[in-house]
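J.: This structure is in structure tokens; I'll ask about it shortly.
What follows is calculated from the coordinates using simple rules that are stated; it is not laboratory data. Given the structure is predicted, the values throughout are model-derived calculations rather than measurements. Positions of Cβ are generated from backbone atoms using ideal geometry, with glycine treated the same way; all protein chains shown enter the neighbour counts.
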Amino acid sequence: MVDRCICYSKSFSELKSLAQLHGARDVAALQAVVEFGFRCGLCKPYVKRMIENGQTAFPVMQCATHPFEDAGLFADITDDAPSDGAR
Ligand code: FES
């Protein structure tokens, strides 16, 4: 399960409390009151869902659901994979 921004050691429970306290309704608004999500950014889709539905622990998202996938940032990894699965 994913329950925190690892890079900034901030749990989603802590971020949820701060979002409620400050009325932050999106990731950017929450980042204005607490520092998280500025390094790898992998926590941001989870925080977005946390703000939307209050959940604070999530199964790991698949690559296709992560915004980096849309930006093509996984292309180098997937394009170089040998077709027979060997490395
Ligand atoms: S896990 Fe949040 S910035 Fe890396």
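J.: So which residues in region 11-36 are more than 16 Å from Gly54 (Cα to Cα) and touching a strand residue (DSSP E or B) at 6+ places or on another chain (Cβ under 6 Å), if there are any at all?
T.: Across region 11-36, the qualifying residue is only Phe36.
J.: Next question, about the same structure. Give region 37-52 a look and list any residue that's within 17 Å of Cys7 (Cα to Cα) and touching a strand residue (DSSP E or B) at 6+ places or on another chain (Cβ under 7 Å), or say none.
T.: Residues satisfying the conditions are Gly37, Cys43, Tyr46.
J.: Restricting the search to region 17-55, which residues are away from the ligand (no atom under 15 Å from the Cβ), of a type in the set (D, E, K, R) and either free of Cβ contacts under 8 Å to residues at least 12 places away in the same chain or part of a helix (DSSP H, G or I) (or both)?
T.: Glu52
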